[in-house]
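Please treat every number below as a calculation from the coordinates, not as lab data. Fair warning: this is a prediction, and the values are worked out from it, not measured in the lab. For neighbour counting, all protein chains shown are included, and Cβ atoms are generated from backbone atoms with ideal geometry for every residue, glycine included.
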Amino acid sequence: DYLASTCIFFGDDYVGGNGLPIKGYTDEIRISNIARYTGNYTPATQPFVSDNNTLLLVHCDGTSGSTVFTDTVSI
């Protein structure tokens, strides 16, 4: 499916063309230009830090319900 292979979905479980909302919160969003996890995944216990492979980093530390997000990658 073209849409599923070319888009990034946050807060949506895209399964077989159906957008299914995820109930919960999102924290520590990081987009990188490398594969970060190639084996078993262990959730981080500390906030992510920016490095040379980080393209977008959002900590989501604001107030619940906030619609303001800040990219903390140093350019």
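Details
- Fully extended contour minus Cα-Cα distance, from Val49 to Ile31, at 0.36 nm per residue: 5.3 nm
- Residue-wise HN-Hα coupling along region 23-33, computed from phi with Karplus coefficients 6.51, -1.76, 1.60 (Hz; x: Gly, Pro): 8, x, 10, 10, 9, 6, 8, 9, 10, 10, 9
- Residue-count net charge about Phe48 - beta-carbon cut-off 11 Å; Lys, Arg +1, Asp, Glu -1: -1
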